[in-house]
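The values are calculated or read from the model by the stated rules, or taken from the named source; none is laboratory data. This is a predicted model, so every value here is computed, not measured. Neighbour counts run over all protein chains shown; Cβ positions are idealised from the backbone, glycine included. These area figures cover heavy atoms from the full protein model, side chains too; ligands, DNA and RNA do not enter into them. Shrake-Rupley method; radii C 1.70, N 1.55, O 1.52, S 1.80 Å.
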Amino acid sequence: MDQIAGIVHEPAGTPAGTVALTHGAGGSRESPLLKAICEEWARRGWLAVRYNLPYRRRRPKGPPSGSQAADRAGILEAVAAVRDLADGPVIAGGHSYGGRLTSMAVADDGLDLDVLTLFSYPLHPPGKPERARTEHLPRIGVPTVFTHGTADPFGSLEELRPAAGLFTAQTRILEVTGARHDLASKKLDVPVLAVEAALGLLG
């Protein structure tokens, strides 16, 4: 996994399938959320990989630099590498920026998945709802889970519901009551619920 800066979480037995998850704009594969979700997937018998986007491979800190096209190409590369590790369904997505770019790769770059899983999808910049990031959503034909905090400044649940309705495939919204963009919750086990929601969308 060196070529994609990926960390593998292996299940106890033969994997049921593979999962590839990436980080938000200010984060990395070391995100506590990504670690916890990948650990939960491995507990469920799946091989899960958390990986760095190309801009994060170039420098350890800071916001995305360079083009989104390069990061999307990195997502295609990472999912292909993870797909080669085991047979079975393929699930991919990420937190915020990483999830948004994975959804764009599905819509416009031919990324083929069984389920798309989006954590804190950034519908718009905080305080700027007029700058909606939804133009590509009607071109997504992959079952999709949104895991979203009810206090996320990048988009409210009221804004997310019509956005999810733009998809041409089944969608599910997992509401995390009181959570902000980091999806931290003292009351809900977000990784368990998110994995269960994704498994529920598998045909």
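Residue separation times 0.36 nm, minus the C-alpha to C-alpha distance between Leu76 and Ile7: what's the value? Between Leu76 and Ile7, full extension yields 23.2 nm more. Phi-derived couplings, Karplus 6.51 cos²θ - 1.76 cosθ + 1.60 at θ = phi - 60°, listed residue by residue for segment 87-95: 7, x, x, 10, 10, 8, x, x, 9 Hz, with x used for Gly and Pro. With the gyration tensor restricted to C-alpha atoms of the chain, the semi-axes of the equivalent ellipsoid amount to 23, 19, 17 Å, longest first. I'd like to know which of Ala80, Ala69, Tyr55 lies farthest towards the positive end of the charge dipole of the chain, counting +1 on Cβ of Lys and Arg and -1 on Cβ of Asp and Glu. It is Tyr55.
Would you look at the GNM of the chain, springs on alpha carbons closer than 10 Å, and say which of Leu34, Leu85, Leu111 moves the most? Looking only at Leu34, Leu85, Leu111, the biggest GNM fluctuation is shown by Leu85.
Calculate for the chain the 222 nm mean residue ellipticity that helices alone would give, adding -39,500 (n - 2.57) per DSSP H run of length 4 or more and normalising by residue count, nearest 500 deg cm²/dmol. When only DSSP H runs of four or more count, the value is -9500 deg cm²/dmol.
Note on His136 and Thr14: their simple-model spin labels are 3.5 nm apart, each label 7 Å out from Cα toward Cβ. The residues neighbouring Val142, those whose beta-carbon lies less than 11 Å from its own, together hold a net charge of -1 under the Lys/Arg +1, Asp/Glu -1 convention. Label positions at Glu39 and Gln68, each projected 7 Å from the Cα along the C-beta direction, are separated by 3.3 nm.
The distance from the alpha carbon centre of segment 157-202 to that of segment 1-61 is 19 Å, rounded to a whole number.
Placing +1 on the Cβ of every Lys and Arg and -1 on the Cβ of every Asp and Glu, with no other charges, gives segment 2-200 a dipole of roughly 580 debye about its Cα centre.
Listed by chain and number, the lysines placed with their C-alpha closer than 18 angstrom to that of Lys186 are Lys35; residues fewer than eight positions away on the same chain are left out.
Computed over protein heavy atoms with a 1.4 Å probe, the carbon and sulfur contribution to the accessible area of the chain reaches 51%. Within segment 127-203, the trypsin sites (Lys or Arg not before Pro) that combine a DSSP coil assignment with at most 10 other C-beta atoms in a 10 angstrom radius are Arg131, Lys186, Lys187. Along the chain, counting only GluC sites (Glu not before Pro) with a DSSP assignment other than H, G, I, E or B and at most 16 other Cβ atoms inside a 10 Å radius, the longest segment between sites is 31-129.
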